[in-house]
Structure formats: C-alpha cells, structure tokens
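Report on one structure; see the data block that follows.
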C-alpha cells in the first residue's frame, strides 16, 4: 500500500523503573477495553521525541522524568476497524521508546486524557495484566523479561 493511502502516527514512550524492580504503567481508556500501557503518546508537530516522552509521562503520571537512553523504535499497523476514530484508513504507528527515571513529582492520575490511572507494578506482575503491545516491546528493549 502506498504511503498516501494510510495515516502515520509518531509517538514516544518511556520505560520508567525504580530501585524496587517496578515499572510505571498508565491505564489507557480509549480502546474497546481499558488496558495498561507505557506512559507516552503522540508527538506534537514541532516537538522532539525526547521532549514528548517527558511531557507524556508528566501528564499521565504526575512524575518529572529524565531520559537515560534511547531503547529503540518499533512500528505497528492498526487496521482501519481497530482505530479509535471512525475511518476507512489504516494507520502505521512509529513508537520511539526511551528508558527514563523519576526526578520529582508525585503519582497523580491524568484527568480528561487518554489515560485515567497510573501505577507501579513489579515486572513479575506485568505478564498478568491486560496490556497493549508497546508494554512488551518496551520491556523487551529494556532487557526486562516478563515471567
């Protein structure tokens, strides 16, 4: 399919961990069911990917973070019927993933956004959660195996 026949979305996400072996996740509320995701989301037009990841973590969790490293870039194709907005166009999502750590703030749930809860989970708990694919991608890139 030619690139003019589908939509593209660039997003940035952060794998935020703590000293207790936990990872920060946000509860995404825009799909057909609520699922856990890495904090992150779509970039604004003139925003650098790193800045978008930092902004999204703050909006979705209340934490200020600092980027440690680029983990990688992943892509995923959403068929038109699985998109959260009615359309006949599929979408290719490019997801830039970073490792980050908390530098301040406190856990706060997002209001009127695409997520409505944030929480810390031990990596060993993540396999049992209803989650979107970017969680597994990010944890794999960060070297954190799901059990």
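Mean shadow of the range 1-63, computed from the convex hull of its alpha carbons, in nm²? Display every interim value, and only then the final one.
On the way: hull surface 24.6 nm².
If I average the Cα hull's projected area over directions, I get 6.2 nm².
When the helix-only estimate is applied to the chain (DSSP H runs of n ≥ 4, each -39,500 (n - 2.57), divided by the residue count), what is the mean residue ellipticity at 222 nm, nearest 500 deg cm²/dmol?
Working: 3 runs with 26 residues, N = 147.
Rounded to the nearest 500, the figure is -5000 deg cm²/dmol.
Over the Cα atoms of the chain, how large are the radius of gyration and the largest Cα-Cα distance (Dmax), in Å?
Over the chain's Cα set, Rg and Dmax evaluate to 14.8, 46 Å.
Each value in this text was obtained by applying a stated rule to the coordinates, not by laboratory testing. Bear in mind that the values here come from a model prediction, so they are computed numbers and not experimental data.
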